[in-house]
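Working notes, beginning with the structure itself.
Coordinate-derived values only; no laboratory data. This structure is a prediction, so every number in the text was calculated from the model and none was measured. Ideal geometry is used to build each Cβ from the backbone, glycine not excepted, and the neighbour counts take in all protein chains shown.
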C-alpha cells in the first residue's frame, strides 16, 4: 500500500512538471519582432501593475512583445536574478524600476555589454546603469509643490511632519531633500518641520508611526506622506481619531486608496501622476533607443505615441532623464473619476 | 541479531542504498534540467551553467554550516542579518580608508563575531531555545547595520573586487571553485571527524552526549562561529556582485537557506542527514528558479511551485523513511507503527 | 514527594513570568519619564489596540508550540483571509460584517486544516509543512487578488466598524481579544482537550500509548491556529482599511518571538496564557513607545533586538535563581 502510494506521489510530481512544460513549449517557440522587458520593484503592487500595463500598451502598439517581471520581495538581489534571466533571453531592451540605486550596476553593465538597451523608470539607477531615466515628475517640483500644499493647508504657520517609506528609497530621499530646500525660503519662517518618520511602506508600521507623531507633537498640523501606503495609513489614523480638520494630510497617493479620505476631508488634496503614462513613455523611450533614433543624450527628441513628443534633459545626478510632466492634483472635484482607474 | 541491526547506521543492502533521499534528489535535479530545456531554447548553453550558479551560490555558503546546525537540532535565523552587518561594516571601513584586503578580513571577522556571540549565549543559557536567541540577534544585528549606514549606500570598491562575484578562472566561475572547496571541507568535517560524530550525537540526544563527556558547549560555539564565518563569506560575494551595499541586503536569506537544508533531507528533529543532500538542493532550487524565470513565470507562481515542491518532497521522504525505519529498528515503537498503518 | 516537586515547580514558572512583568514595569517607567504622553488613556488604548491582533495570534501559536510544532504560514494566512473577505464585501456591500468575519475564519480554517493534515497524517515536519504553505498561500493571495489592492472606499462602513467601533468606550478589537483570551484560557486549562494538548507536547509517545488521539489533537491545534489567523486577517484589513498582497509578510516571526518571550518553550509542553499576554504586551509597548521617545528610526530595530535578548536572559536568570532557592529549601 505504501509502495503504491509513494509511486503515485512521485509520478504526480513528475507529471506536475511535464504538463506545464508541454504547454509552455508550445508557446515558447514563437518569435515576435522585438522583445522589450519591464522589471518593477515587487509584485502585488497596483501602482506597479498600472505601470506595466502602460508599458505593454506602448510596446504592443508598435507591434512588439512585452515581457513584464517583478520579484516577490522588493530587494535588489531578486532584481539582479531577473535581469540575468532577461539577458539570457537576449531581449532587446530592459526598463527597470530599481529597488536600489547602485546595486544593479554590475548586472546592468553585463546587459549593456551584451547589446541590450537599459533604461530606468520611476525609481532611478545610477547614471552608469542607464541610457536614460524616465522620470514621472521633476523631483524638485514634487518637493516644492508638496511643501506649498502643506503651507496652504495650515494657513501659513505651524508644525509639519513627513511620513516617508523606507529610509533607503532613493526617490523618497530626493523629494525630502527638495522639501527641505523649499523650506529655507523666508516665506516659510513660521513653518517648522518637526520630524521625518519612516513607515517602510508597511501599512501597520505607517499607522504606528503616524500615531507616534500625533502623540509626540501635539501641535502638529500637517503630515506630508509622499508614499501611497503612508498617505493612506495616515489618513486612516486621522479619520479614526476624529482629527479631520485639525491635522491635514497631503502627499503622493493612489486615487483608489485615497478616494475615501479626499471625500471626507482628511486629505484636502494630494498629487500623483499617471503610472500608466509612465510605463507608456518608458516603452516608447526604449523603442526609440533600440531603433537608434536617440542615444540618450540631452537635447534629443523623440515621439511617444499618444503622449506627443518629448525631449531628453540633464538630470540632477549627472545622467539624463525624460520628464513625464507636472504632478497631477487630486481633489474632491476629480477624485471620483479617477478612483476606479488606478 | 536485533542489537546488530540497531547498531548499523548505513544499510549495505543495495536496494536500501538506492532508496535513499539523496538519490531522489539526483533524479529531481536531472529532471529539472530536462524540463528546463523543453521550456526555453535559451537554457541549454554553456552560459547558463557558468553564469547561473553565481547568482544563487552566494547563500549556498551558509547552507553548509546550517546543515550542521540543523543536524544538531538547533536553528539559526540570524544569518541574513549577519551578512548585512558584515557587508555594511566592510564597506564603511573601506570608505573610511582601510585598505581593501584588510576590509575583507574585517568582514569575515565581523561575521565570525556575530556567530560567536550567538554561540556563547546558546552555551551559557542552554534553557533558552536557539530559535528565540537567534530571532533576537537577527533583529539586533540588522539594527546595528541600520545604525551604521542609516539610509545610505556604501560602495566604490576597487575594480578587482568584482572578480569575486563575477570572475572566472578559465571557464569556471570563481564562486563555484570557492564553494566546492568549502563544501569538501565541511563534508570532511561532518563525515570523517569525531567532531562531526559529536554533532550527530547531539542531534540524537544532547543529554547523553553531555554525560558521556562530550563538550557540548564548545561544539555549539564552534558551529555557531562557523555559521557566522560563512555568513561573512557570503557577504563578500554578495557585495561583490552588487558593487555596493545597504543595511537591507540579504533579507529573507535565513528561510531560503533553511528550506535548502531541509529539502536536502536533513531532518529538523536532529540527528539525520548528509552534507550531499543540501548541496543538491541548492542547485535544484537555483536551476529551477532560473529555468522558470527564462519563460518569465511570474513571481507568485514560482512561490507556489517551490512551496509545493518542498512539501511533496518531504512527504515522499517520510514515506521512505518510515519503511526503512521499520526494518532498521525492531523495537516496540516500530512494531506499533507497522500495525497502525 | 512528587507533589512537592510539582508544587515548587509551578511556583518557579510563575516567577518566570514575574521576571518579564518586572521588566515591562521598568521599561514603562523609563518611557514615561522620557515622554509623559505614554501613560495616557488614549495612548494606552492605542497601544492595546495595536497589540490586540498580535495577542490573538499569540494564543494560537502557543497551542501549536505546545505540541512541539511551529507555524510559519500565519502571515500568509492573514493576507489570504483578509484579501478574500475584503474582496467579498467590496463586491457585495450588503454582506453583514459578521458574515465577513466568518468567511475570513473559514479561509483560515482551510489553511490550518491542510497544515494539520500534513503534520499529523503525513508526518511532515511542522517547520517544513508550514514553510511550504507560507509560500503557497502567499502565491495564492496574489493570484486571488489579481495583483490589485482593495481600498478603503470599496469597503462598506459596517465592515470597517469591526475595527473602529467601540463598546462602552473600549475599542472593538480589545473586546474581541479579551473574549478570545477568556475562551481559550478556559479551553486550555479546564477542558480535557486542552490538557491533552499539553500531554501531547511534553511526551508524544506516552500520550499516544495512554490512548490520547494524538493525531487528532495535533490537527486540531493547527486548525485553531488557522482559524485565529483567519480572524486576525479580517481584523487587520478592517483596521487598516486596505487589503494588499504582501500584508503581514514576516509577521510570523514577531508572533513567535512574543510567544517565546512569554515563556512558551519551543520544545513543547510548557507555557501559560498569562505568559503570552505579557509577551504580546511587551511587543506592543516596543512598537508604540520607541517612536514616542524620539528614538531615531534607524536605532529602533537594534533596540528591539537588545530588549528581546535582555528580557529573555533576565527571565532565565530569574528562573535559575528560583530553582536554586527551591532546591535550597529542600536541603538536598
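Only bridges with both residues in the protein assembly as shown count here: give the DSSP antiparallel percent, nearest 5. Mind dumping the intermediate values first?
Values: 16 of 50 bridges.
Taking every DSSP beta bridge within the protein assembly as shown, about 30 percent pair in antiparallel fashion.
What is the Å³ per residue value for the convex hull set by the Cα atoms of region C:148-191?
Taking only Cα atoms, region C:148-191 has a hull volume of 103 Å³ per residue.
Mind giving me the nanometre distance, one decimal, between the label points for residue B:218 and residue A:242, set 7 Å out from Cα along Cα→Cβ?
Modelled inter-label distance: 6.9 nm.
Residues of B:239-247, mean number of Cβ from any other protein chain within 10 Å of their own Cβ, rounded to a whole number?
That works out to 6 on average.
Report, to the nearest 10°, how far helix A:203-216 tilts away from the longest principal axis of the Cα atoms in chain A, using its own Cα long axis and a range of 0 to 90°.
It works out to around 20 degrees.
Eigenvalues of the Cα gyration tensor times 5, then square-rooted: what semi-axes does that give for chain A, in whole angstrom, largest first? Don't skip to the answer; put the middle values down first.
Working: eigenvalues 304, 144, 63 Å².
Output for chain A: semi-axes of 39, 27, 18 Å.
Normalised radius of gyration for region A:151-221, please: alpha carbon Rg relative to 2.2 N^0.38 Å, two decimal places.
The reported ratio for this selection is 1.15.
Kindly identify region A:139-272 as rounded, prolate or oblate by the Cα gyration tensor criterion: order the square roots of the eigenvalues as a ≥ b ≥ c, call it rounded if a/c is under 1.5, otherwise compare a/b with b/c, prolate if a/b is larger, else oblate.
Taking the square roots of the gyration eigenvalues as a ≥ b ≥ c, region A:139-272 is rounded.
If neighbour count is taken as other Cβ atoms inside 10 Å, put A:41, A:187 in order from fewest to most.
The order, fewest Cβ neighbours first, is A:187, A:41.
Going by average Cβ neighbours within 10 Å, how do the peptides B:21-32, C:90-101 rank, with the highest at the top?
The densest-packed peptide leads the list: B:21-32, C:90-101.
When the scattering of region C:41-311 is computed by the Debye formula from its Cα atoms alone, each counted once and equally, what is log10 I(q)/I(0) at q = 0.12, 0.14, 0.17 Å⁻¹?
Log-scaled intensity ratios, in q order: -0.72, -0.98, -1.36.
Rounded to the nearest 10 degrees, what's the angle between the helix B:276-294 long axis and the longest principal axis of chain B, both from Cα atoms, 0 to 90?
Result, in degrees: 60.
Averaged over every viewing direction, what's the projected area of the C-alpha convex hull for region C:69-220? Give it in nm², one decimal, please. All intermediate terms of the calculation are to be shown ahead of the outcome.
Details: hull surface 42.6 nm².
Quarter of the Cα hull surface area: 10.6 nm².
Report the Cα centroid-to-centroid distance between region B:238-295 and region C:18-63 in angstrom, as an integer.
37 Å
At q = 0.15, 0.26, 0.28 Å⁻¹, what log₁₀ I(q)/I(0) does a Debye calculation on the Cα points of region B:131-188 give, no solvent, two decimals?
Debye curve over Cα of region B:131-188, log10 I(q)/I(0) at q = 0.15, 0.26, 0.28 Å⁻¹: -0.81, -0.91, -0.97.
Going by C-beta contacts inside 10 Å, put C:23, C:159, B:49 in order with the fewest on the left.
B:49, C:23, C:159
Beyond 19 Å, what share of the Cα-Cα pairs of region B:188-256 is found? Please give it as a whole percent.
Cα-Cα pairs of region B:188-256 separated by over 19 Å account for 50 percent.
Which whole number of Å³ per residue matches the convex hull of the alpha-carbon atoms in the protein assembly as shown?
179 Å³
What nm value, rounded to one decimal, do you get for the distance between residue C:168 and residue C:122 when each label is placed 7 Å out toward the C-beta?
Distance between label points: 4.7 nm.
Counting partner chain Cβ atoms within 10 Å of every residue's Cβ in A:88-96, what's the average?
2
Arrange the following residues from fewest to most other Cβ atoms within 10 Å of their Cβ: C:328, B:59, C:319.
Ascending number of Cβ neighbours within 10 Å: C:328, C:319, B:59.
What do you get for the angle between helix A:76-88 and the principal long axis of chain A? Use alpha-carbon atoms, 0 to 90 degrees, nearest ten.
The answer is roughly 40 degrees.
Shielding by partners for B:125-134, please: the mean number of other protein chain Cβ atoms within 10 Å of each residue's Cβ.
6
Expressed as a fraction of 2.2 N^0.38 Å, the rule-of-thumb size for a compact globular protein of N residues, what is the C-alpha radius of gyration of chain B?
Relative to the 2.2 N^0.38 Å estimate, chain B comes out at 1.05.
For the ranges A:134-144, B:129-139, B:256-266, what's the packing order if you count other beta-carbon atoms within 10 Å of each residue, average per peptide, and put the highest first?
Per-residue Cβ counts within 10 Å, averaged per peptide and sorted highest first, yield B:256-266, B:129-139, A:134-144.
Place the peptides A:196-206, C:202-212 in order of packing, highest mean first, counting for every residue the other Cβ atoms within 10 Å and averaging per peptide.
Put in order of decreasing packing, that is A:196-206, C:202-212.
Between region C:86-127 and region C:306-332, how many Å separate their Cα centres?
41 Å
Hey, rough spin-label estimate for residue A:148 and residue B:210, points 7 angstrom out along Cα→Cβ, what's it come to in nanometres?
In this crude spin-label approximation the distance works out to 7.1 nm.
Under the definition of Cα pairs under 8 Å and six or more residues apart, what whole-number percent is the relative contact order of chain C?
Across chain C, relative contact order equals 34 percent.
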